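The values are calculated or read from the model by the stated rules, or taken from the named source; none is laboratory data. Computed from a predicted model, the values in this text were never measured in an experiment. Here the Cβ positions follow ideal geometry from the backbone for every residue, glycine too, while neighbour counts run over all protein chains shown. Just the protein is used for accessible areas: all its heavy atoms, side chains included, with ligands, DNA and RNA removed. Shrake-Rupley method; radii C 1.70, N 1.55, O 1.52, S 1.80 Å.
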Amino acid sequence: MNKLRKEYAFFKQQEKNMRVLLMTNMLYALILPVVEIFVGAYVMRYTSDPVSVAFYQLFMYVGVVTTSLVNGFLLRYIHVKSLYAGGILVSGLSMFAMMLVKSLGIVELGVTGFALGAASGFFWTNRYLLTLNNTTDDNRNYFFGLESFFFSIASISVPLVIGAFISQMDGKEIMGFVIDITQAYQMVTIGVIVLTIVAVLVLWRGKFKNPVKKDFIYFRFTSLWKKLLLLSSLKGMVQGFLVTAPAILVLKLVGDEGALGLIQGISGAITAILVYVLGRIAKPGDRLKIFVAGLLVFFLGTLFNGVLFSATGVVLFILCKVIFQPLFDLAYYPIMLQTIDAVVKIEKRNEYTYILSHEVGLFLGRAFGLVLFIALAYGLSQDFALKYALVIVAGLQLLSYPLAKNITKQTESVNKEEGIGSAHETLVLEKVDDSDQKEMVSEVV
């Protein structure tokens with residue numbers, strides 16, 4: 001208990017806006033597993049086609065990029081807090097709309113995928129923006145470590161609870177009314193909507209500021225940012241598979257959603273503690289070690305799946321996936337934000353410029369990965385795609401390490417020269433209220 005009190009005291013020492021963001025994201029951590037796992041499982045159950053899941057996911061990512069662009073324009077007129085809250089709320093509502101769809105043809109999959117992606121776009125882009133402006137390079141390891149801890153715990157508990165709930169409710173009679181599996185999914189979605197409302201109420205306690213009103217659409221960037229865009233594409237290439245592959249593989253080779261939750265829970269608890277400890281004690285210089293460890297674990301998991309292609313192989317793959325994802329994100333996001341700190345100073349542009357282009361980089365990677373899967377499934381076979389597409393993208397992602405090492409070295413050099421992210425700059429900016437003056441001070445400090 002003393003350890004817990006000490007960690008809580010450390011949390012309370014952080015800036016209020018950072019604490020509000022963490023608490024909001026912790027609540028959203030209870031929502032995300034439903035979006036990532038059970039939406040894919042829902043589509044797989046009602047189409048029995050892994051390609052349909054990939055097609056749905058592709059349109060979801062189109063929605064993310066589209067609303068990321070729209071969000072940039074809306075930031076000129078609407079407070080970032082409202083846009084962030086809207087993304088949280090719409091994610092729950094769009095899931096509910098999908099559950100009401102009576103059939104899941106190509107058109108329905110495209111529309112519902114786009115709708116859910118649109119909600120996610122508002123959430124993730126504003127999350128990046130708020131995190132960038134309310135953290136420093138020194139506390140970002142802690143921020144993402146604590147956040148990943150709760151996301152990992154949620155990835156254990158939520159699938160277990162919801163998988164058991166769906167299994168128990170299917171066919172159950174309550175007050176003379178027999179509940180089918182579709183209605184069980186709809187009940188889960190109602191619970192998600194309630195959580196989104198609570199998350200928005202927490203978010204409203206923060207006092208956040210919009211970015212300076214400047215152009216944010218550019219196509220030419222410094223070489224440093226081009227490298228980060230390549231890194232984001234490599235991340236996105238695997239990310240698309242991480243949403244769909246576990247649900248497809250488990251339903252095909254292992255069992256139902258309950259089994260999916262149980263498998264993820266085996267390694268999730270240990271990983272959650274590991275990631276929190278790393279976030280608490282790791283220095284910015286330790287990020288590359290964490291980064292490469294995650295890459296190697298994931299590549300090993302895809303080999304297990306590709307070689308064995310059985311229930312055992314799926315279990316080993318998902319164990320590795322659950323370990324990889326938080327480790328990778330713990331290192332990746334601070335590197336990304338540190339790079340934005342540097343290129344904003346170099347190119348004198350709105351920070352949202354880089355958040356938007358980062359989403360484009362992710363999309364290109366996601367689209368490549370999903371199109372690769374669809375092409376292998378149609379050109380050869382679905383089993384071949386499920387076996388080897390993951391191995392291919394995991395092998396390509398190993399290139400992320402030398403790239404991230406180069407980016408980190410260059411970014412640290414730029415930030416050291418310019419003094420970016422210093423406490424002095426942050427304090428000066430907070431004292432300047434006028435947006436034009438704030439921009440001028442930011443460029444001078």
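Brief remarks follow.
- Hey, Tyr388 surrounded by fewer than 21 Cβ atoms within 10 Å (Cβ to Cβ), among the aromatic types (Phe, Trp, Tyr), modelled with pLDDT under 80 and assigned to a helix (DSSP H, G or I) or not: no
- Evaluation of Ile355 against (1) within 21 Å of Leu396 (Cα to Cα); (2) within 16 Å of the chain's Cα centre (by Cα) (one fails), failing number: (1)
- Meets criteria (of a type in the set (Ser, Thr, Tyr), under 30 Å from Gln338 (Cα atoms) and not in a strand (DSSP E or B)) for Thr196: yes
- Restricted to the range 199-234, and to residues there that are outside any loop (DSSP other than H, G, I, E, B) and free of Cβ contacts under 8 Å to residues at least 60 places away in the same chain, the residue that is farthest from Ser413 (Cα to Cα) is Leu201.
- Leu74 meets all of the listed conditions (1) modelled with pLDDT of 90 or more; (2) closer than 30 Å to Gln13 by Cα but one, namely (2).
- Members of the range 187-201 found to be more than 20 Å from the chain's Cα centre (by Cα) and open to solvent by less than 40 Å² (accessible area, probe 1.4 Å), listed by number: Val188, Gly191
- Close Cβ contacts (under 6 Å, 6 or more residues apart or on different chains) running from residues in the range 68-79 that are under 12 Å from Asn350 (Cβ atoms) to residues that are of a type outside the set (D, E, K, R) comprise Gly72/Phe216; Gly72/Tyr352; Gly72/Leu356; Leu75/Asn210.
- In the set (1) under 26 Å from Leu129 (Cβ atoms); (2) part of a loop (DSSP other than H, G, I, E, B), Gly171 fails one condition alone, (1).
- Arg140 under 30 Å from Arg76 (Cβ atoms) and surrounded by 20 or more Cβ atoms within 10 Å (Cβ to Cβ): yes
- Residues of the range 202-235 that turn out to be under 18 Å from the mean Cα position of the chain (by Cα) and of a type in the set (Lys, Arg), as a count: 1
- Any hit, the range 401-412, residues being at pLDDT below 80 and among the hydroxyl-bearing types (Ser, Thr, Tyr): no
- Within the range 93-101, not a single residue is under 23 Å from Tyr332 (Cα atoms) and either open to solvent by less than 10 Å² (accessible area, probe 1.4 Å) or modelled with pLDDT of 80 or more (or both).
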